[in-house]
Structures are given as structure tokens and as C-alpha cells.
Amino acid sequence: MRQEVKSDHHHTALDRLFRYAEFLKFGEIHIKFDHATGLKAIIAIHNLKRGPAIGGCRLVHYATTDDAFEDALRLAYMMSLKASISNLPHGGAKAVLLLPSHDVKDRKAYMEAFAGFIQEMDGRFIAAVDSGTGTGDMNIIAAHTPYVTCYATANDSGDPSPYTALGVRRGIEAAVKAKLGKDHIEGIHVAIQGVGHAGYALAKELNALGAHLTLCDVNKPMLERCVSEFGATICPPEDIYDVKADVFAPCALGAILNLNTIKRLQVPIIAGSANNQLAHQHYSVVLHEHGILYAPDFVINSGGLIFAAAMYDHADPVKARTQVSGLYQTLTTIFNRSQAENRSTHEIAEIMALEGLR
């Protein structure tokens, strides 16, 4: 006899997450606990049609477990789009490791336990770096499973940040050409939000080409380094949206583009490395209606994934740099279609990416 379990709540948080996963057309979601190390991990594998799924490993604090699940789902979906728009032989995934409140006591044992979880995926998931993890963590994982990339080798540091920055710089060049009609970025004023790994590398790229930089970050030593090396101007983090510039480059947190911040912006172009810059996809339409050219985040920041895939597939790094540089043409195509069809750039990019997942 079938027994139905009833709940007093018509729609639980789990119901909402399942609906979200169904909406995104998800494939697999896996959970792992390791009580010895405190590991609580989620591996969300969105799509395997193009090949084994690559995903960064995010190790951060979450207010709730629901937030962690939603982050894993959203980011894995974006990785599928990123792999597809870049024509990589890989699907999209994401690993979320819930950082304990007391921090990780034994990092090596913790990553070894996570490596075991990756191995259980039997090659469907390939781990890469993300917020809270680095090449040192990938080195530990690589000692226990082959399904990992972005680890240090004799010839490469394993850091994808320079490739991410190269792609963003090429994307800025494409946007400047499309919006401002200029074939160079010398003298272009770029306001960069966040100068961590990718943000610093981008500032270095732009400075070398003669761009003027205004920067913000909560990390004062990094800001001082940028002032010393690039002669950059700095502003408080809360004022970055009010800077009058040619380009706003979000390179830190996601979900920063909302009705409030969009109203404050004094730029014709948004092009940066941060993931999930739109607080809601509808805001891409708002940007389009405001005449602001938005470089879709999952396109312009895909240089890191291109590098990670090339490293895992033992591809030629020179070809990987050429492919990253080719994001200029990909974004130019998106910008042209957006103008011709009078649709937001994000909508156009998502249509193009989904075509490669059918």
C-alpha cells in the first residue's frame, strides 16, 4: 500500500529548488558528507551532452543550505552556457563546499575527502578552482583523482586568472568598438570593481594598453599595489557605481546589477569578469532599454574555462590563448545581433549557447 507523506507547508524550500532545477533542465545533483573532516559538499552536473562537465569548486560561507544549493544550480547552468558558447567538448557543472563556521581545521584531509567524492563521479565531473579554492587545493586533489584541472605543473602555475583577464580585455575592446566606434582602448576610462586575481590581471592588461583606471576593493594592500604599479585612482566600494567612465567592469561579487545600481551608473558599457552579474535576468532588458551595452558575463569571462579545459585535455596553450582572444569576435556577433533584433545581449548570448546544448 502506498503511503503519502503530507506536509503542512504547500511549498517548501526543497520544492522550490527542485522546480528551479527542472526549469534549468538539470541532469544530476550529488551530496557528500565526511564527518571526519567536516566536508559538506554539493556537486551539480547540469549537462553532459558536449562531454564531461567542468566546474569550479567554491568554498565559502553560506547563510543557509538552500543558498548553497541554489548557488550550485545557477553556477552549473552558467558553466554549461559558457562551455557551449566557447565550443568546448565539455558540459557544465559546479561544486559547492559549505565552509564550516570554525573554518577547515585540516585543509589537506578536507581536500582529500573531496577528491574521493570527485572520484565517485567516475569522470563525469572535472574539478577546477573557484572562490575560496586555489591551485594548491587542486594539487592535493590531483594526487587522488585524475578528474581535476588548474593544478600547478613544471610549465604552468595552473592559475586561470590571466586567461580570464585576457578574455575580458578582448571583450572590452569589442564593446568599445561596437559602442564608441574606437579601434583601441588607449585613453579609455575603466572603473573596475574588485582587484583580486582576475581584477588585478585585467587592470594590468588595460594599463599596458593606455587605459585610465578607477578601482575599488575592500583589500587595501591590493589597491595600494595597483596605485603603485598602474597609477590608478581609487574610490570607496560604495561609490564605484557613481564613477563617470567609459566602461564599468564588475570583477568581484555577483548579483550587483539591479534597479538601484543601474540607475546610478554613468557608463555606456558594462564588461567585467564577475559571475552572475545580473541580480535577475530581466535587468539585461533594462540595460538594453537604457542604451547600456552589456557584455554577457558567461561569455566575456569564459577565458578561465577555456584554459581549464585546455589544461585537462592536454591541448596546446598557444591555441588556448588564440581561442580566448577570439572572444572579441563572439561578442561582436552578439552585439550585432542584439542591435539587429532589438533584444538584450544576454538574451542573444543565451539563445546562441542553448543551441549548442540541444
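The values are calculated or read from the model by the stated rules, or taken from the named source; none is laboratory data. Since the model is a prediction, treat every value here as computed from it, not as a measurement. Ideal geometry is used to build each Cβ from the backbone, glycine not excepted, and the neighbour counts take in all protein chains shown.
Structural remarks
- Taken together, the criteria exclude Ile192 from residues that are out of contact with any Pro (no Cβ under 7 Å at 6 or more places or on another chain) and surrounded by fewer than 24 Cβ atoms within 10 Å (Cβ to Cβ).
- The listed residues are Gln266, Gln323, Gln281, and the only one of them that is among the polar types (S, T, N, Q), closer than 24 Å to Gln193 by Cβ and at pLDDT 95 or above turns out to be Gln266.
- Sole exception among (1) assigned to a helix (DSSP H, G or I); (2) buried (at least 16 other Cβ atoms within 10 Å of the Cβ) for Gly116, by number: (2)
- Summed over segment 163-194, residues that are touching a residue at least 60 places away in the same chain (Cβ under 8 Å) and closer than 22 Å to Thr332 by Cα total 19.
- Of all the criteria given as (1) under 18 Å from the mean Cα position of the chain (by Cα); (2) at pLDDT 95 or above, the one not satisfied by Lys179 is (1).
- Comparison of Tyr62, Tyr147 shows that the only residue that is without any contact (Cβ under 8 Å) to a residue 40 or more places away in the chain and surrounded by fewer than 24 Cβ atoms within 10 Å (Cβ to Cβ) is Tyr62.
- Of residues in segment 149-176 being among the polar types (S, T, N, Q) and farther than 15 Å from Val299 by Cβ, the one modelled with the highest pLDDT: Thr149
- Scanning segment 290-310 for residues that are assigned to a helix (DSSP H, G or I) and within 11 Å of Thr345 (Cα to Cα) turns up Asp297, Val299.
- Candidate set: segment 195-222, residues that are surrounded by 20 or more Cβ atoms within 10 Å (Cβ to Cβ) and small (Gly, Ala, Ser); chosen: the one farthest from Asn301 (Cα to Cα): Ala211
- Yes/no for Cys216 being touching a Pro at 6+ places or on another chain (Cβ under 7 Å), over 17 Å from Ala271 (Cβ atoms) and not aromatic (Phe, Trp, Tyr): no
- Scanning segment 96-119 for residues that are closer than 11 Å to Ile43 by Cα and out of contact with any Lys or Arg (no Cβ under 7 Å at 6 or more places or on another chain) yields a count of 2.
- Entry remark, segment 135-154: residues being in contact with a helix residue (DSSP H, G or I) (Cβ under 6 Å, 6 or more places away or on another chain), within 19 Å of Ala310 (Cα to Cα) and assigned to a loop (DSSP other than H, G, I, E, B) number 6 in total.
- Every residue from segment 318-358 that is exposed (fewer than 13 other Cβ atoms within 10 Å of the Cβ) and within 30 Å of Asp156 (Cβ to Cβ): Val318, Lys319, Thr322, Gln329
- Only one of Gly123, Gly132 that is of a type outside the set (Ser, Thr, Tyr), modelled with pLDDT under 95, outside the structural domain of Ala308 (by TED's automatic domain parsing) and part of a loop (DSSP other than H, G, I, E, B): Gly132
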